[in-house]
Amino acid sequence: MIELKSPDELRRMQQAGRVVGGLLEHLKSHVAPGVTTKALDTAARTFIEEQGAQPAFLGYRGFPATICVSVNEEVVHGIPGGRRLQPGDLVSMDVGAIVAGWYADAAITLAVGAISATAQALLDTTRRALEAGIAQARLGARISDISHAVQQVAEREGFGVVRDFVGHGIGKALHEDPPVPNFGAPHLGPRLQAGMVLAIEPMITEGSYEVEVLRDGWTAVTKDRKLAAHFEHTVAITARGPQVLTALPQTP
Ligand code: MG
């Protein structure tokens, strides 16, 4: 069942969204060659606590860290640890926070130092795929209009669209109905209504879209070990159009 949020509930979700957007902006300044993925996790934990919020992922189904950090062929759900970022890496950070019981969820992929032209194209395309999906998050459209828009942007550039993981509704829980795939024919699925809140999250690959989960039970990698990128925002459907609750703060 899809839970519609009242205007007051959307305001509360926006508070969680501000923490998440601020956290992504904060983490940007920590990404550099030589930094461990664990150091990014620690910075995230400190930031969330300073904001009076709670981490959304820590302990979720046993996940052992505050954020997911996925490098290069890692698609999503990478566990922070001792790995040091290298020049040329693509690093994806997926973060979530809870404020007064309400969740927000977002992800960003960043370049570490100078990256290859292919890596840059993958990063740019994944960001544009998210933007195209968000543009469809409006009254009267259907869920698969978002899916189709994401897929078109990615495949036009010759990249793959991950099937095994999809976006989702979000609110009082991290994962709510409906699922939001990043692929499919348009004009299908539930019609979008005011008060729906969706985590839209394209996971795009350099090669095949097939993924597998490593023995740690979490880290999803591309089967062909080629690069992946991941961008995500928590987006409310409103009469005034899509409202990105996790927008990064505008830097002057
Ligand atoms: Mg998500």
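Using a probe radius of 1.4 Å on heavy atoms only, what accessible surface per residue do you get for the chain? Whole Å² is fine.
42
When the Cα centres of the stretch 142-179 and the stretch 22-59 are compared, how far apart do they sit, in Å?
25
Please state the Cα pair-distance histogram of the chain with 10 angstrom bins from zero: what percent is in each bin?
Values per bin, smallest distances first: 8, 34, 38, 18, 2.
For the chain, what does the helix formula give at 222 nm: sum of -39500 (n - 2.57) over DSSP H segments with n ≥ 4, over the residue count, nearest 500 deg cm²/dmol?
-9000 deg cm²/dmol
Which percent of the accessible heavy-atom area of the chain goes to carbon and sulfur, probe 1.4 angstrom?
Carbon and sulfur: 50 percent of the exposed surface of the chain.
The values are calculated or read from the model by the stated rules, or taken from the named source; none is laboratory data. Computed from a predicted structure; not experimentally measured. Remember, those area values only see protein heavy atoms, side chains included, never the ligands or the DNA or RNA. Shrake-Rupley method; radii C 1.70, N 1.55, O 1.52, S 1.80 Å.
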